[in-house]
């Protein structure tokens, strides 16, 4: 059903579903409750949304603070992104570390992001990105860390950013509300 690939950050996984292709196009299963449950992955999605980004757009690094922290399931329905997460969980052996991987509609791959990680991406092409999240969006708990402060070697030095994303706190100045239990 899915090939579950561990990343260097505990609890964060790349999921590789079976991609069925023929002359009509592709069919990709992005979620299966029994599989997720049996692999201890969040299955109670409270919201789903998508973003459409032009090539060169960087969105991130975002998260929700407790008690509205959420897990995310992220995939592309068109295009390719460089997906990035950084561990904000105090006490984690990978606190402050980041990982990146290409997510694309052609590969059908999915990133599972647990609570306590900031998430963002750089659009390598025009891309539509779908997010399933385990809590309802709360503007009062919405936060992020500055994309350029996480030690990531981004593809460009000056990506297309929102005004909000230029004003986030640097990781070094961030007081994390996330702790490893």
Inspect the stretch 153-163 for any residue being within 26 Å of residue 93 (Cβ to Cβ), surrounded by fewer than 19 Cβ atoms within 10 Å (Cβ to Cβ) and touching a residue at least 40 places away in the same chain (Cβ under 8 Å) and give the result as yes or no.
yes
Residue 172 vs. criteria assigned to a helix (DSSP H, G or I), over 17 Å from the mean Cα position of the chain (by Cα) and surrounded by fewer than 17 Cβ atoms within 10 Å (Cβ to Cβ):
yes
Looking at the stretch 73-89, can you tell me whether even one residue there is at pLDDT 95 or above, over 12 Å from the mean Cα position of the chain (by Cα), assigned to a loop (DSSP other than H, G, I, E, B) and closer than 17 Å to residue 122 by Cβ?
yes
What are the residues in the stretch 1-42 that are within 20 Å of residue 85 (Cβ to Cβ), in contact with a helix residue (DSSP H, G or I) (Cβ under 9 Å, 6 or more places away or on another chain) and either part of a loop (DSSP other than H, G, I, E, B) or at pLDDT below 90 (or both), if any?
41, 42
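The values are calculated or read from the model by the stated rules, or taken from the named source; none is laboratory data. Just so we're clear, the structure is a prediction, and the values are computed from it rather than from any experiment. When we count neighbours, we look across all protein chains shown, and the Cβ atoms used for this are built from the backbone with ideal geometry, even at glycine.
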